[in-house]
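To start, the structure itself, in structure tokens.
We did not get these values from a lab; they are worked out from the coordinates using the rules stated. Worth saying up front: this structure is predicted, and the values here are computed from it rather than measured. Note that we place each Cβ from the backbone using ideal geometry, even for glycine, and neighbour counts take in every protein chain shown.
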Amino acid sequence: MIEVESITFAYPSAKPIFMDFSWRIERGETWAVLGPSGCGKSTLLYLLAGLQFPQSGEIRIDGNPLTRPRPQTGLILQDYGLLPWATVRQNAELGLKIRGFYGPDGTHAPSQIDWDNNVTPWLERLGIEAVADQYPSQISGGQRQRTAIARTLVLHPDLLLMDEPFSSLDAPTREGLQALILQLQVENHLTLVIVTHSIEEAAFMGKKILLLTQPPIQQATLIENPEAGSEPYRRSEAYLILCESLRAALERG
């Protein structure tokens with residue numbers, strides 16, 4: 001689905017973050033991107049989202065060069081990105097209203113999409129229907145993140161990009177949302193890429209893990225983790241061993 005081919009990227013007046021870097025993601029895969037602070041994790045996600053562009057090389061999705069954000073890509077950020085003056089329901093409807101304004105033009109919205117504007121099933125599925133008429137300041141962090149997830153999934157993306165979406169949540173809420181996202185990924189046949197600085201989160205969520213080091217990055221370590229995603233795995237010896245292996249790799253730099 002995604003081909004990152006020999007890209008080089010640097011911010012103005014800074015050394016390259018990626019240099020002749022390549023990576024491939026198949027449709028339906030679940031990837032966790034892990035690395036130390038400042039290594040380029042979020043930058044890589046923004047490149048996949050079409051919000052940044054490499055100085056050389058190319059990123060292709062379904063064979064098409066990525067030259068702008070694509071309407072089939074969903075992006076969920078750490079700070080939720082909710083409008084404080086809008087209710088939960090209104091925030092969840094925001095993307096649908098924007099698509100309704102542009103119509104199925106193939107640029108701002110897919111040329112063929114489901115125009116069902118009813119967000120209620122998603123609010124119910126994510127357990128926030130009871131707070132649908134409340135504002136972001138009146139609900140918990142977990143409920144705000146669920147609202148952001150509803151706003152994204154109601155648009156029926158095929159690629160879901162998440163930038164440290166659970167880092168500010170308490171452990172039980174974080175673990176519950178991790179499991180929920182993986183369940184929704186299977187149900188909706190999503191390709192999932194989650195950026196995280198948490199070793200435990202990467203080990204639980206990523207069936208494949210991209211381990212980045214400090215820039216400039218030319219190659220990254222790819223780790224297969226096929227048992228990821230089930231609650232028994234989170235308590236298994238294999239999970240603990242992988243966490244220790246990832247920790248040691250990060251410490252080596």
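Relative to the present Cα-Cα distance, how much length would full extension add between Ser236 and Arg60 at 0.36 nm per residue of separation?
59.7 nm
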TODO: Tell me the label-point distance for the pair Gln78, Glu187, using the 7 Å Cα-to-Cβ offset, in nm and rounded to one decimal.
DONE: 2.8 nm
- [ ] Enumerate the amide H contacts of Thr221 below 5 Å, restricted to partners 5 or more residues apart or on another chain; note that Pro and chain-start residues carry no placed amide H.
- [x] Leu211
Task: Cα-based shape type of the range 163-253, given that a ≥ b ≥ c are square roots of the gyration tensor eigenvalues and the cut on a/c is 1.5 - done: prolate
- [ ] Quick one: which residues, 5 or more positions from Val33 or on another chain, have an amide H under 5 Å from its amide H? H modelled 1.01 Å from N in the peptide plane, none for Pro or chain starts.
- [x] Ile194, Val195, Thr196, Leu210
Task: Amide H partners (placed H, <5 Å) of Gln52, local residues excluded - done: Leu47
Task: Pairs beyond 25 Å (Cα-Cα), from Lys41/Lys207; Lys97/Lys207; Lys41/Lys97 - done: Lys97/Lys207; Lys41/Lys97
TODO: Give me the number: length gained by fully extending Ala179 to Gln138, i.e. 0.36 nm times residue separation minus the C-alpha to C-alpha distance, one decimal in nm.
DONE: 12.3 nm
- [ ] Report, for the chain, the % of DSSP beta bridges that are antiparallel, rounded to 5.
- [x] 45 percent
TODO: Choose one answer from Glu29, Glu231, Glu93: the residue with the largest mean-square fluctuation in a GNM of the chain with alpha-carbon springs under 10 Å.
DONE: Glu231
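Under the √(5λ) rule applied to the eigenvalues of the Cα gyration tensor, what semi-axes describe the equivalent ellipsoid of the range 15-82? Give them in Å, descending. Intermediate results must be reported in sequence, preceding the final value.
Numbers: eigenvalues 63, 62, 35 Å².
Semi-axis lengths for the range 15-82 are 18, 18, 13 Å.
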Open item on the list: Can you compute the modelled spin-label distance between Ser37 and Asn118, with each label point 7 Å from Cα toward Cβ, in nm?
Closed with: 4.7 nm
Open item on the list: Taking Cα Rg over 2.2 N^0.38 Å straight from the coordinates, which label in (i) 0.90; (ii) 0.96; (iii) 1.01 is the correct one?
Closed with: (iii)
Open item on the list: Assuming 0.36 nm per residue, please report the length gained on full extension of the stretch Ala130 to Phe53 beyond their Cα-Cα distance.
Closed with: 23.6 nm
Task: Simple label model, 7 Å out from Cα along Cβ direction - Thr67 to His197, nm - done: 3.7 nm
Open item on the list: So the label point goes 7 Å from the Cα of Glu5 along Cα→C-beta, right? Which residues of the range 45-63 then have their backbone N under 19 Å from it?
Closed with: 47-50, 53-63
